[in-house]
């Protein structure tokens, strides 16, 4: 069952980034985040019965972390190529491995360490230069790419909290997912109303981007549920690296929808994925 949930997550995440970029076009990042995660919450309403007050209370922990993280994620999608954002989304694996080692007592071995180094090397191909250090400088110079790196760090922290609450504390993964998205939607709605000075732009966003809001919300919400389900069968530090395969799907979509130059970035992504499989071994 672990393989099923991870495969489902890969497919959903692959298209999610396309929908997210479509939503963010000509809209502020905070408004786009509200639409994206608000519709994710709506997609999860069939599971509202799994939520209780205890879940809502603990959801404020990871919900707060993810609110900052996914605001940066939406900013990155709007300001950088998908073929850069998608691989960088997955470097949270590096932070996750070491975080899980120190906080959840998950084992550390040579494969996980070497795989992490290989993933860092793969990042240099995303904005390739003639010298490797310049490639990393190019990545750090991009506001979108840097935002995604910070977002990935926060995602890693959130995943550790997720793993602890669903795996160690036994909170229902589906109810917990709904709780987290409820918290994020509240944060983004209040922030976007203050930023936009009303709800006029919220209404315009829904009218103009309804299809992408529905598709993006569904993909994001159920990709997250699939991840939490996978935590029941495989280690958190393995489930997240395997999700990296979704980056390939996103990059291919980016070529189709946005005509992005993806050849060298596919090489970097392949190296990143190789690092993930070494970690898995």
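Where a number appears in this text, it was derived from the coordinates with a stated rule and is not lab data. None of these values were measured; they are calculated from a predicted model. Note that each Cβ is placed from the backbone with ideal geometry, even for glycine, and that neighbours are counted across all protein chains shown.
Here are the numbers for this structure:
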quantity: Theoretical FRET efficiency, 1/(1+(r/R0)^6), r = Cβ-Cβ of residue 25 and residue 3, R0 30 Å, to 0.05; calculated: 0.30
quantity: Label-point gap, in nm, between residue 61 and residue 11 - each point 7 angstrom along Cα→Cβ; calculated: 3.3 nm
quantity: Shape call, segment 1-53: gyration tensor on alpha carbons, a/c limit 1.5; calculated: oblate
quantity: Exposure proxy order (Cβ contacts within 10 Å, fewest to most) of 47, 71, 95; calculated: 47, 95, 71
quantity: Cα gyration tensor, segment 127-228 - rounded (a/c under 1.5), prolate or oblate; calculated: oblate
quantity: When the convex hull of its Cα atoms is projected in every direction, mean area for the chain (nm²); calculated: 14.0 nm²
quantity: Label-point separation in nm, residue 114 to residue 169, each point 7 Å along Cα→Cβ; calculated: 3.8 nm
quantity: Cα→Cβ-extended label distance, 7 Å offset, between residue 138 and residue 197, nm; calculated: 4.1 nm
quantity: Shape of segment 1-159, Cα gyration tensor, a/c cut at 1.5; calculated: oblate
quantity: Length gained when the stretch residue 259-residue 101 is fully extended (0.36 nm per residue, less Cα-Cα span); calculated: 52.9 nm
